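Heads up: the structure comes next, in structure tokens.
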Amino acid sequence: MDFDPSWLLISLPVAFVLGWLASRFDIRQLKLENRQAPKAYFRGLNFLLNEQQDQAIDAFIEAVQNDPDTQELHFALGNLFRRRGEYQRAVRVHEHLLGRGDLSRSDRERAQHALAQDFLRAGLLDRAEAALQKLEGTRYENEARLSLLAIYERSREWAQAANVAQKLDESDQASYGTRRAHHLCEQATERVAAGDLPGAAKLLAAAVELAPQAPRPAIDTANLQLRNGEPGAAFDTLVALSNNAPLALPLYAAALQQAAVAAHREADALALLQRRYVESPSIDVLEAMIALGGTPTATPEAPDPTPRDGYIAHLAQQPSLVAASRWLSGEKFEHEQFHPQVQRALDQATRPLMRYRCAACGFEAHQYFWHCPGCQAWDSYPPRRVEEL
């Protein structure tokens with residue numbers, strides 16, 4: 001069969017036309033997809049501005065499907081999932097980003113940081129710790145260290161917390177001396193519980209050196225000295241502390257009284273407590289004075305005051321249901337047979353007034369906490385009872 005050149009002349013234009021039509025179709029399709037992606041993105045942004053997170057998530061999912069290579073859409077979608085509490089979906093988005101080989105170093109660090117935040121918000125502290133440790137040496141380093149510090153403090157891993165706090169201190173972003181001293185005191189408490197008193201003393205000495213003006217290292221040191229049978233040293237430690245931290249005296253007034261009695265220095269302790277009480281009256285300081293056989297002041301009418309006179313003197317300084325209840329406990333009623341019932345009611349009413357209250361979150365407790373169990377803040381409890389705030 002002979003080849004007809006006329007077919008070649010016909011097929012070439014046909015092939016050209018078909019190729020041109022195909023290219024036009026591809027360009028039109030690409031333009032359509034490019035138009036759809038921005039529309040979905042801006043629609044999602046509009047939903048976000050109107051606080052319609054469900055609709056915003058749907059719009060961003062559509063935008064990601066139209067343009068799966070856009071990192072910013074993935075970040076926006078992951079953050080939305082986290083804010084809504086859908087942590088598993090947020091983790092999948094950020095892990096997908098980290099699995100991409102074309103991700104820049106900056107975006108990879110950003111995705112790693114976002115993944116750590118997902119785990120933190122979900123309460124998966126072990127996985128959050130591992131994710132945060134990978135941020136060492138990145139621009140998120142200090143932020144990651146702060147999160148690690150919070151994890152270690154919450155889980156009471158004081159040695160790890162101390163290491164992280166030291167790194168933060170060395171970065172010159174802020175001073176962590178007092179916080180590091182708290183970590184050492186916590187470790188010392190664990191050593192005391194384990195019977196390692198010399199190890200505890202060494203840790204407390206380091207804490208005092210780190211934060212010489214902080215009351216806790218000195219108070220814990222004095223308590224350890226009392227336990228070791230060194231009341232004189234404990235008394236001297238607390239007297240020095242009264243000069244450095246006089247406002248914290250209510251926290252260690254009872255320990256000062258015990259050390260003074262054991263060291264036979266009652267007169268010195270009473271004079272110190274009376275002087276500080278005049279500057280700042282407190283029920284704890286008052287009761288330490290009463291335990292030493294004194295009161296805030298001695299008057300000509302009462303040259304040899306009794307403990308009940310001390311409560312009356314306190315009531316003259318400030319109204320106190322606690323002091324009134326303590327005074328009434330020794331009073332003789334006309335109907336004395338009803339005294340026990342009345343006293344029980346007063347004791348019940350005053351019990352909440354003897355608590356301590358966190359200034360950061362309002363958490364109340366009968367025990368004084370250096371580290372609030374509610375909000376995890378340090379030194380957030382005033383050294384005074386609720387009644388005195």
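Roughly how many Å² of Tyr356 are accessible to a 1.4 Å probe, to the nearest 10?
Looks like 10 Å² after rounding.
Leaving ligands, DNA and RNA out of it, rank Trp378, Trp327, Trp158 by accessible area with a 1.4 Å probe, largest first.
Trp327, Trp378, Trp158
Take Asp118, Asp196, Asp126 and sort them by solvent-accessible surface of the protein heavy atoms, 1.4 Å probe, largest at the top.
Putting Asp118, Asp196, Asp126 in descending order of accessible area: Asp126, Asp196, Asp118.
With every protein chain left in place and a probe of 1.4 Å, what is the accessible surface of Tyr87, to the nearest 10 Å²?
Accessible area of Tyr87: about 60 Å².
Where Lys and Arg each count +1 and Asp and Glu each count -1, what net charge lies around Glu109 among other residues with Cβ under 14 Å from its Cβ? Spell out each step's value before the answer.
Values: positive: Arg100, Arg105, Arg108, Arg110, Lys134, Arg139; negative: Asp107, Glu136, Glu141, Glu143.
Summing Lys and Arg as +1 and Asp and Glu as -1 gives +2.
Testing the spin-label approximation: label points 7 Å from Cα along Cα→Cβ at Asn228 and Ala267. State their distance in nm.
A separation of 2.9 nm, rounded to one decimal place.
If ligands, DNA and RNA are left out, what is the accessible area of Thr295 with a 1.4 Å probe, given in Å² to the nearest 10?
10 Å²
What is the distance, in nm, between label points placed 7 Å from the Cα along the Cα-to-Cβ direction at Arg351 and at Glu72?
If labels sit at Arg351 and Glu72, their model points lie 6.1 nm apart.
Which residues among the stretch 165-189 fall inside the zone where the amide N is under 18 Å from a point 7 Å beyond the Cα of Glu136, along Cα→Cβ?
Residues passing the 18 Å test: 165-172.
The values are calculated or read from the model by the stated rules, or taken from the named source; none is laboratory data. Everything numeric in this text was worked out from a predicted model, so none of it was measured. Don't worry about glycine lacking a Cβ; one is built from the backbone with ideal geometry, like all the others, and counts go over all protein chains shown. Surface areas here come from the heavy atoms of the whole protein model, side chains and all, with no ligands, DNA or RNA. Shrake-Rupley method; radii C 1.70, N 1.55, O 1.52, S 1.80 Å.
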